[in-house]
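Here is the structure we will look at, set down as structure tokens.
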Amino acid sequence: MASPEALVSALADPGRLRLFARICAEPEGLPAPGDRATAKLAKRLVDAGLVTADGARYRAVPEVFRAALAKAPADPLETLFSRGRLVAIPHSGRPRRALLAHLAERFEPGRLYTEQDVREKLSMVHDDHATLRRYLVDEGLLQRSNDGGAYGRPAEARAAG
């Protein structure tokens, strides 16, 4: 279930909003255009749960709005995820620290990871793995070697809060 914030975030881009409007206007669904730019816009709508894609057509999922407003999730982090993918990165504050602490749990304390390892783990939840990696390093939840080739989670990472 996407949060109201995640739905608004997905529709905040004018191009995505126009595409969503076009999809909503087609009772049988909008034929999936072949261009990459539209596919990228549609992917964000699909990830947020606003649209389904069956390969040939995009269809709106209007009940996602009702479901998002039905009840607040028990875990505030749930509002940031849809179908296991991160749909919103908080700009600052407690929600961002909680998210980063959650992501840091993907890394075993004391173990070294290559940049490729870190990229793979973070790409599983969000396309902008570089930003997530930088935020984890900035918060001290991941440490980076001087040459930038290795990363590790400190044995005593700072607590979020």
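The values are calculated or read from the model by the stated rules, or taken from the named source; none is laboratory data. These numbers were taken from a predicted model, which means no experiment stands behind them. When we count neighbours, we look across all protein chains shown, and the Cβ atoms used for this are built from the backbone with ideal geometry, even at glycine.
Scan the range 102-161 for residues that are closer than 23 Å to GLY84 by Cα, crowded, with 16+ Cβ neighbours inside 10 Å and among the small types (Gly, Ala, Ser) and jot them down.
Within the range 102-161, ALA104, ALA160 qualify.
Looking at LEU112, is it among the hydrophobic types (A, V, I, L, M, F, W, C) and under 23 Å from GLU5 (Cβ atoms)?
No.
Hey, among the residues in the range 57-80 that are of a type outside the set (Asp, Glu), in a loop (DSSP other than H, G, I, E, B) and modelled with pLDDT under 80, which one's surrounded by the most Cβ atoms within 10 Å (Cβ to Cβ)?
Filtering the range 57-80 for residues that are of a type outside the set (Asp, Glu), in a loop (DSSP other than H, G, I, E, B) and modelled with pLDDT under 80, the one surrounded by the most Cβ atoms within 10 Å (Cβ to Cβ) comes out as PRO73.
Residues checked against (1) farther than 30 Å from ASP35 by Cα; (2) polar (S, T, N, Q); (3) in contact (Cβ under 8 Å) with a residue 24 or more places away in the chain; (4) outside the structural domain of VAL118 (by TED's automatic domain parsing):
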{"residue": "LEU50", "(1), (2), (3), (4)": "no, no, yes, yes"}
{"residue": "ALA53", "(1), (2), (3), (4)": "no, no, no, yes"}
{"residue": "GLU63", "(1), (2), (3), (4)": "no, no, no, yes"}
{"residue": "PRO76", "(1), (2), (3), (4)": "yes, no, no, yes"}
{"residue": "ARG83", "(1), (2), (3), (4)": "no, no, yes, yes"}
{"residue": "HIS102", "(1), (2), (3), (4)": "yes, no, yes, no"}
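Please go through the range 29-63 and pick out each residue that is β-branched (Val, Ile, Thr) and over 17 Å from ARG83 (Cα atoms).
If the condition is that a residue be β-branched (Val, Ile, Thr) and over 17 Å from ARG83 (Cα atoms), then THR38 is the only one that fits.
How about the range 87-100: which of its residues are under 18 Å from ALA10 (Cα atoms) and in contact (Cβ under 8 Å) with a residue 40 or more places away in the chain?
VAL87, ALA88, ILE89
Taking the range 27-45, which residues are in contact (Cβ under 8 Å) with a residue 12 or more places away in the chain and surrounded by 14 or more Cβ atoms within 10 Å (Cβ to Cβ)?
Matches in the range 27-45: GLY29, LEU30, ALA32, THR38, LEU41, ALA42, ARG44, LEU45.
Filter the range 1-26 for residues that are under 23 Å from GLU78 (Cα atoms) and either touching a residue at least 60 places away in the same chain (Cβ under 8 Å) or among the hydrophobic types (A, V, I, L, M, F, W, C) (or both) and give the result.
MET1, ALA2, SER3, PRO4, GLU5, ALA6, LEU7, VAL8, SER9, ALA10, LEU11, ALA12
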